[in-house]
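Chemist: My structure is below; once you've seen it, I'll send some questions.
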Amino acid sequence: MFLSVFDMFKIGIGPSSSHTMGPMIAAGRFLDHLRALPFAVSGLRASLHGSLAFTGVGHATDRAMILGLAGFTPEAYDAARADATLDEIRRVLKVDVPGLGRLDFDPRSDLQFDYGPPLQGHSNGLTLMATDAQGDVIAREVYYSIGGGFVLTEAELATPDRTAGPAVPYPFETAAQMLAMARDSGKSIAAMKRENELVLMSPLKLDEGLRRIWQVMRDCMDRGLEAGGVLPGGLSVRRRAAQILAALRAEQGRNLTAPHVINDWISVYAMAVNEENAAGGQVVTAPTNGAAGVVPATIRYWLDHVPGASSARLGEFLLTAAAIGGLVKHNASISGAECGCQAEVGAAAAMAAAGLAAVLGGRPEQIENAAEIALEHHLGMTCDPVKGLVQVPCIERNGLGAIKAVSAASLAMRGDGQHFMPLDNCIEAMRQTGADMSEKYKETALGGLAVNTPNC
């Protein structure tokens with residue numbers, strides 16, 4: 001199954017790709033389904049299940065669901081228009097849907113949180129319904145938000161098409177296949193990924209898209225590095241990135257800085273992104289919103305702190321990272337609700353480590369080794385957000401994930417690419433660990449740090 005670089009890196013909104021973007025995308029798909037029906041629709045209803053219910057309010061799932069049913073999309077999100085639309089819906093208890101007209105929808109009664117057992121397909125399930133003038137359900141569809149903004153219907157999840165997508169020149173589905181194709185072709189991982197992408201688009205469109213991805217990442221980071229105040233949600237978590245950056249800049253040139261302070265630079269870049277994500281700002285899934293800071297922080301570290309770095313090679317970084325992210329998603333998961341945070345920050349660290357190794361001149365075997373080191377040392381990491389918010393421990397966790405990514409790439413570059421544990425085996429270990437992990441440690445906010453918080 002081919003996954004494009006623009007599948008792994010999507011432009012969207014915070015705070016969660018699976019809990020915010022996913023429901024909004026599912027709503028859009030449902031509206032398209034309703035537009036094709038031969039009969040009129042009078043009202044809409046929605047029900048959130050599993051992790052979407054338990055942490056929905058903290059992840060703004062309710063807000064995203066309402067706006068999605070009003071026709072909003074993550075990539076074209078307008079915050080001011082969204083606020084005005086929400087106020088209007090809550091006042092008139094109707095949504096104006098392009099192509100369907102004005103439909104009944106009362107957020108207080110027509111959006112339900114089901115705190116019972118999750119649906120069978122995935123812990124991020126939602127049911128969307130359309131009603132007639134009498135209030136009877138005349139159309140119904142179940143969707144699953146499977147991480148990173150990917151959404152499947154119940155039927156699509158039950159009968160996955162493993163061959164979906166175009167025929168590409170380098171159709172690797174495992175790291176072993178990827179390395180074999182690199183050896184046989186003499187091409188880098190990024191070069192193979194690029195040729196696969198060119199089946200779908202022109203070189204100009206691909207390069208413009210990659211530049212756009214980095215621009216949104218960088219803009220998000222810059223906003224986070226400048227903003228102060230307290231993050232929304234009730235935890236009273238202070239934004240820290242701007243203050244840390246100011247202190248780091250004040251120390252520059254004083255010849256008093258210890259070598260380990262480079263870790264603070266890496267962390268502050270990641271934290272800035274995830275503070276913006278927590279505030280509901282525009283971010284790039286990399287591969288998810290909850291892990292959105294790792295890849296851009298690693299890129300910023302490379303560009304601003306590594307001699308010889310050049311923005312001309314950003315495409316190589318992103319294409320390599322996307323190739324690794326695609327392997328993780330295809331063979332395991334990038335969903336915290338499915339496999340814990342090892343699937344989010346762990347996958348992001350593997351992607352970032354691979355991208356960094358590539359632009360440092362690593363051979364395919366060294367790149368695969370870098371990804372494996374980074375993922376291996378996130379195995380078992382739970383997803384236990386306090387109050388269901390993507391703040392504690394998520395913001396700092398991205399900083400540490402970026403540090404691990406840089407360390408993994410550096411360690412891999414010290415070797416010749418030969419190592420004991422193959423990336424494929426590490427990905428499978430992550431999948432198995434996620435399957436065995438208690439549900440309370442998988443984005444439900446029912447265990448771990450989420451239930452061990454101060455009482456005052």
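Read-outs throughout are calculated quantities, based only on the coordinates presented, and are distinct from any laboratory measurement. Every value quoted in this text rests on a predicted model; they were computed, and no experiment measured them. When we count neighbours, we look across all protein chains shown, and the Cβ atoms used for this are built from the backbone with ideal geometry, even at glycine.
Chemist: Compute the distribution of all C-alpha to C-alpha distances in the stretch 25-155, in bins of 10 Å from 0, and list the percent of pairs in each, rounded to whole numbers.
Modeler: 13, 47, 35, 5
Chemist: Can you report the principal axis dimensions of the stretch 175-451 using only the alpha carbons, biggest first, rounded to whole angstrom?
Modeler: 55, 48, 38
Chemist: On to the next question. Helix-only mean residue ellipticity at 222 nm, the chain, DSSP H runs n ≥ 4 weighted -39,500 (n - 2.57), per residue, nearest 500. What is it?
Modeler: -15000 deg cm²/dmol
Chemist: So, in nm, how far is label Thr73 from label Arg240 when the simple model puts each one 7 Å beyond its Cα toward the Cβ?
Modeler: Simple spin-label model gives 3.8 nm for this pair.
Chemist: Per-residue HN-Hα couplings for the stretch 304-318, Karplus 6.51 cos²θ - 1.76 cosθ + 1.60 at θ = phi - 60°, whole Hz, x for Gly and Pro?
Modeler: Rounded to whole hertz, the list is 9, 10, 9, x, x, 5, 9, 5, 5, 9, 4, x, 4, 4, 5.
Chemist: Related question: Considering the Cα positions of the stretch 194-251, please state its Rg to one decimal place and its Dmax as a whole number of Å.
Modeler: Here Rg and the maximum Cα pair distance are 18.0, 49 Å.
Chemist: While we're on this one: So for the stretch 258-387, Kirkwood radius off the Cα pairs, Stokes-Einstein at 20 °C and 1.002 mPa s: how many µm² s⁻¹?
Modeler: 144 µm²/s
Chemist: For the cross-link pairs Lys10/Lys187; Lys193/Lys404; Lys404/Lys440; Lys387/Lys442, which exceed 21 Å when the distance is taken from alpha carbon to alpha carbon?
Modeler: From Lys10/Lys187; Lys193/Lys404; Lys404/Lys440; Lys387/Lys442, over 21 Å: Lys10/Lys187; Lys193/Lys404; Lys404/Lys440.
Chemist: If I stretch the segment between Asp222 and Ala158 completely, what's the gain in nm (0.36 nm per residue apart, minus their alpha carbon distance), one decimal?
Modeler: Extra length available between Asp222 and Ala158 comes to 18.9 nm.
Chemist: Please list, ordered by chain and number, the residues whose modelled amide H lies under 5 Å from the amide H of Ile13; skip anything fewer than 5 residues away on the same chain.
Modeler: Under 5 Å from the amide H of Ile13 lie the amide H atoms of Val283, each far enough along the sequence or on another chain.
Chemist: Assuming R0 = 41 Å, can you tell me the calculated FRET efficiency for the pair Ala80 and Arg414, based on Cβ-Cβ distance, to the nearest 0.05?
Modeler: In this case the efficiency is close to 0.25.
Chemist: Take the Cα gyration tensor of the stretch 361-456, multiply each eigenvalue by 5, square-root it, and list the three semi-axes largest first, rounded to whole angstrom.
Modeler: The three semi-axes for the stretch 361-456 are 31, 16, 8 Å.
Chemist: Using the Karplus curve 6.51 cos²θ - 1.76 cosθ + 1.60 with θ = phi - 60°, what ³J(HN,Hα) values do you get for each residue of the stretch 30-44, in whole Hz, with x for Gly and Pro?
Modeler: Result, rounded to whole Hz: 5, 4, 4, 4, 5, 5, 8, 6, x, 10, 7, 10, 10, x, 10.
Chemist: Above 18 Å lies some portion of the pair distances; for the stretch 1-66, what is it as a whole percent of all C-alpha pairs?
Modeler: 47 percent
Chemist: Have a look at the stretch 328-372 and give its Rg and Dmax from the Cα atoms, expressed in angstrom.
Modeler: Radius of gyration, then largest Cα-Cα span, for the stretch 328-372: 11.4, 35 Å.
Chemist: Looking at the stretch 244-316, what % of the alpha carbon pairs are farther apart than 20 Å?
Modeler: Value for the stretch 244-316 (Cα pairs over 20 Å): 39 percent.
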